[in-house]
Amino acid sequence: MDIRRRWAISATLVMVLVSGQPAAAGTTGGAAAGARPLTDVIGPVTAVAAGWGHNLGLRPDGTVIAWGWNDAGQLGNGDRGWYQSETPVPVCAVGQTAPCTRFLTGVIAIAAGEYHSLALLRDRTVVAWGYNIAGQLGDGSTVDRLTPVRVCALDQTAPCDQVLYAVKEVATGYAHSLALRGDGGVVAWGSNTSGQLGNGLRTAGIPVPARVCALAEVAPCARFLYGVRHIDAGHSHSLAQLSSGGVLAWGANRAGRRRHPRARVLPARPGPGLRGRPDRPLYAVPDPDQVHRLGH
């Protein structure tokens, strides 16, 4: 199956999920010709998330369905392989192995990285599954997981005996993950080759959550980021919207994602500036003289 058809199938399924209506017979909902028409509705969903080649849907009953590529176990159904699931499958419960008899429940939010997936549970803990080469699942290992595992608490080592709690929002990048906690603090785990974890360092990866440093701190940080209202993540960079309305950013910046022409491993405020060049050296800490208020 070529890439155009894969995306045609994904686009049509998302249309069905969001609208609650099947595609008209003989059509692909505006997708490329060749995708088979859909005649059945899989039921309502309250949220969707998309990775590079896989998709997630959160159902009203708190269960999760997934479809698309499953080469790293990102569908969470206990299986993996170089194939595409063209119809949604239920995500297994924690601790299950294929064929699963219990499925993930109590989910209130979902996020999809390039090849991994996160779910925020009603008890404000987090589970993850899929690709884990940089520790982006947060379970203290770098082993791919075909069914959900619990994200460890701060500074744990595998096997973790405590889990991350009091989480209100999650976000995913290519191979890193973020969580916003109830106290307004942010934690991050996974790949850190561009400083996207915001801990003042650039390393291959951190397999358990670590706190994001405060603005203008130098590693090892003594102060940490608080007062955050919303988080998001790009391929190798991260963003935080503050309760005051300001925005902080850190990580890769080769295309001016942060509006500063240098990668940052600590949060800085985006501001006016030139786009960075791909061959420009990366610096470890932000320059306070070049920190600006967004839009000023």
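The values are calculated or read from the model by the stated rules, or taken from the named source; none is laboratory data. Just so you know, these numbers come straight off a predicted model, no measurement behind them. Reconstructed Cβ throughout: ideal geometry from the backbone, glycine too, with neighbour counts over all protein chains shown.
If you take the residues of the range 155-201 that are among the hydroxyl-bearing types (Ser, Thr, Tyr) and under 17 Å from Ala233 (Cα atoms), which of them is surrounded by the fewest Cβ atoms within 10 Å (Cβ to Cβ)? This residue is Thr193. Just one of the listed residues (Ala204, Ala222) is part of a loop (DSSP other than H, G, I, E, B) and surrounded by fewer than 20 Cβ atoms within 10 Å (Cβ to Cβ), and it is Ala222.
Per-residue answers, yes or no, for (1) outside the structural domain of Ala233 (by TED's automatic domain parsing); (2) small (Gly, Ala, Ser); (3) touching a Gly at 6+ places or on another chain (Cβ under 8 Å); (4) outside any strand (DSSP E or B):
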site	(1), (2), (3), (4)
Gln96	yes, no, yes, yes
Cys100	yes, no, yes, yes
Ala109	yes, yes, no, no
Asp123	yes, no, yes, yes
Asn132	yes, no, no, yes
Thr142	yes, no, yes, yes
Gln156	yes, no, yes, yes
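Filtering Arg254, Arg223, Arg211, Arg229 for residues that are among the basic types (Lys, Arg), within 29 Å of Val143 (Cα to Cα) and outside the structural domain of Trp129 (by TED's automatic domain parsing) leaves a single hit, Arg211. Only one entry of Leu38, Leu58, Leu104 meets the criterion of being modelled with pLDDT under 95 and farther than 21 Å from His176 by Cβ, and that entry is Leu38. In the range 15-24, the count of residues that are closer than 25 Å to Ser177 by Cβ and either in contact with a Phe, Trp or Tyr (Cβ under 6 Å, 6 or more places away or on another chain) or at pLDDT 95 or above (or both) is zero.
Scanning the range 180-189 turns up no residue that is part of a loop (DSSP other than H, G, I, E, B), closer than 22 Å to Ser141 by Cβ and assigned by TED's automatic domain parsing to the domain that holds Gly251.
Picking from Leu154, Leu197, Leu201, Leu239, which residue would you name as being farther than 27 Å from Pro90 by Cα and modelled with pLDDT under 95? Walk me through it before giving the result.
Details: Leu154 fails: modelled with pLDDT under 95; Leu197 fails: modelled with pLDDT under 95; Leu239 fails: modelled with pLDDT under 95.
After applying the criteria, what remains is Leu201.
Got a number for residues in the range 129-175 being among the basic types (Lys, Arg) and under 22 Å from Asn55 (Cβ atoms)?
Looking only at that region, the number is 1.
Summed over the range 111-146, residues that are among the polar types (S, T, N, Q) and surrounded by fewer than 24 Cβ atoms within 10 Å (Cβ to Cβ) total 3.
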